[in-house]
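Everything on this sheet refers to the single structure shown next.
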Ligand SMILES: [Zn+2]
């Protein structure tokens, strides 16, 4: 009987070995930023998971030879506005397997999740939008309920007006809070606050929104209240405001695109974050490797005072695609238009970006949307310019900034994030295979949707989205990443 057992076990296990994996990535330089693994290994993928990482040969139904290439966890972009297929396609060629709208959030979480299901190349998710909740409560909803729904940044930001510029009453604040709770119940990954787009929100309103996040043990992602050096209302003050709100409420805080908000004071802003972290606060940040930002011209970001705060002129504002530099008259026409128009803002220096990207606090996030090359080129550009050319970041550190750091941030929102950003047995099979010698961004301000080159294979949940540099057709393996926003305590400080 025991003998038979051995025989059965032997036959079964050799049978299993012979076709054990759905896909094998063979002979690549496998990097895992959490364990420090950086060695030639074979990776066996089964049922959407990384089943085996081994120096021994593995056999799969399909085997791709990836010698000389880096095999890393797929990049996680915490800040991606463009959620349509054209943007997802260029994200995939940039190595991104998960792209989340965390800065502002979408106007309607249920609707977003329904629209994306089965139609997404890469993994997706969103925060609950304070900007949208406020607009809704003020009676001028954005998104699908708006008269002219639009995609990208222009689909999530309101035109400046009472909903952005006026203070909310206590009753309105309660209703905004309730809307955010409902959106968290729908699977939002935290609360997104574009405070600069709702300048009417008082300090107390901001704290009250952080309280909602804290009661659900969820983070707040925020575009802070202002940029520039002019006091009162400097970027330093704006960083203080949200660090204060995090300290008061206990909600984890993520400050988005510190490069384009803090501009010439980015190092000072990073030192404020460093100080808060040293005092035990959960504060993180991100940056993208471009000197220009992009936003919507008729948003409240361009309320009076923007030129003085940014220290720029009308001609530093440039329309994507046409390259038109604005004049005062053209600016006023577009700022007051009800039609949304994206605009590039040239307000930073290459020196500041070069100092920011390697900083150990910085994770990489693109702030991507059609119109700005950051949508298509952010990750390849960091690997090309800072790892390969300037050599100011090691490949391991760059991969950590693109994978493990955002995954660890996401763990505040969902335990599912433990399976992301790692190349380990048992982790989700979201994998990028790229050539470290040739990976490069191709997108420019003139041609912002040019896909990057150098990503050879891209695996999303075990499915090949890019194979041998070519994108598969009609395959949509992207899954929703949902927050665990159940009401866990009544922590109302
Ligand atoms: Zn922003």
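Bear in mind that the values in this text are calculations on the coordinates, not laboratory data. These numbers come from a predicted model, not from an experiment. A quick note on method: Cβ atoms are made from the backbone with ideal geometry, for glycine too, and the neighbour counts reach across all protein chains shown.
Summary table below
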item	result
Cα-based helix-to-principal-axis angle, 170-185 vs the chain, degrees rounded to 10	10
Mean Cβ count within 10 Å, highest first, over the residues of peptides 129-142, 26-39	129-142, 26-39
Neighbour-count ranking [beta-carbon atoms within 10 angstrom, fewest first] of 222, 396	396, 222
Burial order of peptide ranges 378-388, 185-195 (average beta-carbon count within 10 Å, highest first)	185-195, 378-388
FRET efficiency estimate (nearest 0.05) - Cβ-Cβ, residue 59 to residue 247, R0 51 angstrom	0.40
Structure-based [θ]222 nm, the chain - -39500 (n - 2.57) summed over DSSP H runs of at least 4, per residue, nearest 500	-9000 deg cm²/dmol
Gyration tensor verdict on the range 359-410 (Cα atoms; rounded if a/c is under 1.5, prolate if a/b is larger than b/c, oblate otherwise)	oblate
Difference of contour (0.36 nm per residue) and Cα-Cα distance, residue 339 to residue 115	78.2 nm
Per-residue Cβ neighbour rank within 10 angstrom, fewest leading, 282, 428	282, 428
Rough spin-label spacing in nm, given labels placed 7 Å along Cα→Cβ, for residue 467 and residue 178	5.2
Neighbour-count ranking [beta-carbon atoms within 10 angstrom, fewest first] of 366, 452	452, 366
Inter-label distance, nm, simple model (7 Å from Cα along the C-beta direction), residue 231/residue 424	4.5
Residue 281/residue 38 FRET efficiency (R0 25 Å; Cβ-Cβ; nearest 0.05)	0.20
Overall dimensions of the chain by Cα: Rg and Dmax, Å	22.9, 91
Ranked packing of 288-300, 432-444, most packed first, by mean Cβ within 10 Å	288-300, 432-444
The range 213-254 residues near the modelled residue 185 label - backbone nitrogen below 15 Å, point 7 Å along Cα→Cβ	216
Two-site FRET efficiency, residue 330 against residue 204, from Cβ-Cβ distance with R₀ of 30 Å, rounded to 0.05	0.20
Distance in nm between pseudo-label sites at residue 349 and residue 321 (7 Å out along the Cβ direction from Cα)	3.4
Pairwise centroid distance, computed over Cα atoms, of the range 393-429 with the range 268-316, Å	25
